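Here, each number is a calculation from the coordinates, and none is a lab measurement. None of the values given here were measured: they were computed from a predicted structure. Methodologically, a virtual Cβ is constructed for each residue, glycine included, from the backbone with ideal geometry; neighbour enumeration extends over all protein chains shown.
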Amino acid sequence: MKIGIYPGSFDPVTKGHLDIIRRSSKMVDVLIVAVLKNNSKSPLFSVEERVSMLKEVTKDISNVQIDSFSGLLVDYARKNNASIIVRGLRAVTDFEYELQMSQTNRIMDSDVDTIFLTTSLEYAYLSSSTVKEVAMYGGDVSKFVPEYVADKINDKIKTLNIS
Ligand code: COA
């Protein structure tokens, strides 16, 4: 059984992430989308909220599971018998960071390999921060995230503005 892990912050999941999830889920028997806990970034959504949004937007993909993790990714991969880490490459600027991460992970655990999927061109410019910034200034984010997530972002921003 080939198990892959797609790790990330997913704050929130975008159409770019979903594109990677859909494509990579066809390459493995089970794809675990794993939300990193204790992220140094200050997130808009809690880990639980991010997991719940991911569950909703991937519910039609039968071999995808959603989870969260803390600590080292290679330890989490080992615990889940995963041999593949999936990452998306949007532009050349992602490359150096991703290369460093994959090489470090491989030195720590030579049984785990990282595969990179080039993000579909229409999403190559996307990041969760951009989406949040557009939403904060009242812009329409429905081109960037699934409708369900767009609603959650708008609800969250309303509660932030009230408090
Ligand atoms: N579509 C849209 N956006 C994408 C994307 C895609 N296909 N791929 C990446 N992004 C964006 C994300 O939205 C995120 O944007 P943001 O910075 O605006 O939030 C950004 O790219 C970073 O990507 P993300 O996938 O969230 O990675 P990360 O750098 O936050 O986390 C981990 C990467 C989780 C894999 C890494 O931190 C990790 O493994 N941590 C565990 C500790 C560990 O093992 N460390 C040793 C590794 S060297």
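Here are some notes:
- Here the residues T14, T130, ranked from fewest to most Cβ neighbours within 10 Å of their Cβ, fall in the order T130, T14.
- Relative contact order %, segment 6-94, counting alpha carbon pairs below 8 Å whose residues are six or more apart: 37
- Annotation: aspartates and glutamates with alpha-carbon distance below 13 angstrom to K2 (same-chain offsets under eight excluded): D29, D111, D113.
- Neighbourhood net charge (14 Å Cβ-Cβ; Lys/Arg +1, Asp/Glu -1) for F144: -2
- Net +/- balance of residues flanking Y123 in space, Cβ distance below 11 Å, scoring K and R +1, D and E -1: +1
- Contact order relative to length of the chain, as percent, for alpha carbon pairs under 8 angstrom and 6 or more apart: 28
- The chymotrypsin sites (Phe, Trp or Tyr not before Pro) found in segment 63-163 that occupy coil by DSSP, while having at most 10 further C-beta atoms within 10 Å, are Y137.
- Using just its DSSP H runs of length 4 or more, each adding -39500 (n - 2.57), the chain gives a mean residue ellipticity at 222 nm of -13500 deg cm²/dmol after division by all residues.
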